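Please treat every number below as a calculation from the coordinates, not as lab data. All of these numbers come straight from a predicted model, not from anything done at the bench. Cβ coordinates were reconstructed from backbone atoms using ideal geometry, including for glycine residues, and neighbour counts include every protein chain displayed.
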Amino acid sequence: MKKLTPFLVVLFLISPDLLLAQPAFTGRVISSQGEVTVLSANGQRTQPARGQQISINDEFQTGADGQLQIRFDNGLLLSLGCSSSLQLESGSRAGADQFDFLNLHRGHLRLVTGDRGTGMHYLRTSAGLLSFENAGSDLALYQEAGSAALAAVYNGSAKARTNAGEMVLGVGGDFDFAALEAGNPPTGLTSMPAALQAQTDCR
């Protein structure tokens, strides 16, 4: 039997994840109601079922009566509202969790983190993005038709960014809500936008 070199033995003991492949999924569907479809990276379109594994590059689409909830392996709970489209995208940052980006193409999402830290994550739209890393966060994002988006931080804090500026929302910031539009700095809002409330209440 061929012996491992001392260097490989030490490397394996220090960080076995460097040698072992990560799982091919990051979470599972816990609830799916109404019209909901999953478009996988290979082009296969399916209707999600409770317990279904979720993979990087999967795209989720909901109809006018559709709603979807996903529990990720790191404790994040995602709720996707009606008439929405969301894609999971992998990142390349060293030490990151199994996914870095939730790319909201249209519609509404809400994300609640677990009690433990989850590392840095990004909610991205065509208008800008929300970045956060603290445990116990509760955030929402709504991508309007066109280039505008609305962001909310109900608990914790997040940084809202566009290509023209950034601002802190929630703890440490002056606002809990903001409007995002490409080409303009984020605009702080003193109350919840009606569009966010409407998306939360959709049936």
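Some observations on this one:
- Coordinate range of the alpha-carbon atoms in region 26-200 per principal axis, descending: 42, 36, 25 Å.
- Put in line by how crowded their Cβ is, counting other Cβ atoms within 10 Å and starting with the fewest, Phe101, Phe72 read Phe101, Phe72.
- Radius 13 Å from Cβ of Leu189, net charge of other residues (Lys, Arg +1; Asp, Glu -1): -3
- Charge dipole of region 26-200 (Cα centre as origin; +1 on each Lys and Arg Cβ, -1 on each Asp and Glu Cβ, all else neutral): 240 debye, rounded to the nearest 20.
- Sorting the segments 58-64, 33-39, 122-128, 150-156 by their mean number of nearby beta carbons within 10 angstrom, highest to lowest, gives 122-128, 150-156, 58-64, 33-39.
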